[in-house]
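These notes concern the structure reproduced below.
The values are calculated or read from the model by the stated rules, or taken from the named source; none is laboratory data. Please read these numbers as outputs of a predicted model, since none were measured by experiment. Note that we place each Cβ from the backbone using ideal geometry, even for glycine, and neighbour counts take in every protein chain shown. These area figures cover heavy atoms from the full protein model, side chains too; ligands, DNA and RNA do not enter into them. Shrake-Rupley method; radii C 1.70, N 1.55, O 1.52, S 1.80 Å.
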Amino acid sequence: GQQLNQSPQSMFIQEGEDVSMNCTSSSIFNTWLWYKQDPGEGPVLLIALYKAGELTSNGRLTAQFGITRKDSFLNISASIPSDVGIYFCAGQLRWRGSTLGRLYFGRGTQLTVWP
Amino acid sequence: NAGVTQTPKFRVLKTGQSMTLLCAQDMNHEYMYWYRQDPGMGLRLIHYSVGEGTTAKGEVPDGYNVSRLKKQNFLLGLESAAPSQTSVYFCASTEVGGTDTQYFGPGTRLTVL
């Protein structure tokens, strides 16, 4: 199967700091996605990226689709306590315009924010 | 709209017992998926379905069976549970085309003793 390497595994930061995490793959993906998972909940989509080089923002979150299509990063600016959770990257393949929907997930980055 | 719901939320089984996890979605989505999440492993795809009456294997299908008799429901079965199947199970669904955003259920925490 596809191998996604997500780093760092965990981060402990102070409220107000910026956060950066990234994901690399051994294979090319057509779509990169970033999800957040709160304790006891399912993952929720934060940002979706569809083109190599694309830079997309969602509030304090910014994500980029790497030029090689084998990597992506997520930045969170001015972190707040509710940013706590596990962040997952996911790669998705498309074939002839259809994705088949299959996602390949990274192992997650556990973010802890100290007040 | 309830979105994606899963039942039960928690379950404890003994080795060798069987059980079925139910996933339901009310968004008229074509595609549905079952994932398992283990500590430090991210989510791994067990089985998926691209429409009513069709199923396919994902990355880790062994020990599981699925059925999609109705478009809105996707069942995951464990015929003879093993401790290695202790995990949190997530169901997801997506419509065909568009952004293909997958919507996840809240999860089922299963422990096999």
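A:Ser7: accessible area at probe 1.4 Å, nearest 10 Å²?
Per-residue accessible area (A:Ser7): approximately 50 Å².
Is the C-alpha gyration tensor of chain A telling us rounded, prolate or oblate? Criteria: a/c under 1.5 is rounded; beyond that, a/b larger than b/c is prolate, otherwise oblate.
Taking the square roots of the gyration eigenvalues as a ≥ b ≥ c, chain A is prolate.
Have a look at B:Ala2, B:Tyr31, B:Ser80 and report the one farthest towards the positive end of the charge dipole of chain B, computed about the Cα centre with Cβ charges (Lys/Arg +1, Asp/Glu -1).
After comparing all options, I get B:Ser80.
Let me check the size of the protein assembly as shown from its C-alpha atoms; what are the radius of gyration and Dmax in Å?
According to the Cα coordinates of the protein assembly as shown, Rg and Dmax are 17.5, 50 Å.
Give the Rg/Rh ratio for the stretch A:33-75, taking Rg as the radius of gyration of the Cα atoms and Rh as the Kirkwood radius, to two decimals.
1.02
Quote the relative contact order of chain A in percent (integer), defining contacts as alpha-carbon pairs under 8 Å separated by 6+ residues.
36 percent.
Quick one: buried accessible area between B and A, total over both chains, 1.4 angstrom probe, nearest 100 Å²?
Roughly 1800 Å² of accessible surface disappears when B and A pair.
Determine the dipole magnitude for the stretch B:5-52: charges of +1 sit on the beta-carbon of Lys and Arg, -1 on that of Asp and Glu, nothing else is charged, the reference point is the Cα centre, and the result goes in debye to the nearest 20.
360 debye
Ignoring ligands, DNA and RNA, how do A:Thr112, B:Thr108, B:Thr54 rank by accessible area with a 1.4 Å probe, largest first?
So the residues, ranked largest to smallest area, are B:Thr54, A:Thr112, B:Thr108.
Largest first and in whole Å, what are the equivalent-ellipsoid semi-axes of chain B based on the Cα gyration tensor, each being the root of 5 times an eigenvalue?
Calculated on Cα positions only, the semi-axes equal 23, 14, 13 Å.
Once you average over the residues of B:37-45, how many Cβ atoms of partner chains fall within 10 Å of each Cβ?
That works out to 6 on average.
Restricting attention to the stretch B:48-82, which trypsin sites (Lys or Arg not before Pro) occupy a DSSP loop and are surrounded by at most 14 other Cβ atoms within 10 Å?
Sites meeting the loop and neighbour criteria: B:Lys70.
Find the accessible area per residue for chain A; the probe is 1.4 Å, ligands and nucleic acids are left out, and the unit is Å².
Here the residues of chain A average 48 Å² of exposed surface.
Mind running the shape call on the stretch B:1-40? Use the C-alpha gyration tensor, a ≥ b ≥ c as the square roots of the eigenvalues: rounded below 1.5 for a/c, prolate if a/b tops b/c, oblate otherwise.
Prolate is the answer for the stretch B:1-40, as a/c is 1.5 or above and a/b outweighs b/c.
List the trypsin sites (Lys or Arg not before Pro) in the stretch A:1-75 that DSSP assigns to loop (not H, G, I, E or B) and whose Cβ has at most 13 other Cβ atoms within 10 Å. Which are they?
Sites meeting the loop and neighbour criteria: A:Lys51.
Could you order A:Thr68, A:Thr109 by accessible surface area, starting with the largest, using a probe radius of 1.4 Å?
Solvent-accessible surface, decreasing: A:Thr68, A:Thr109.
Which of rounded, prolate, oblate describes the stretch B:19-64, given a ≥ b ≥ c as roots of the alpha-carbon gyration tensor eigenvalues and a/c under 1.5 marking rounded, otherwise prolate only if a/b is larger than b/c?
Because a/c hits 1.5 or more and a/b exceeds b/c, the stretch B:19-64 counts as prolate.
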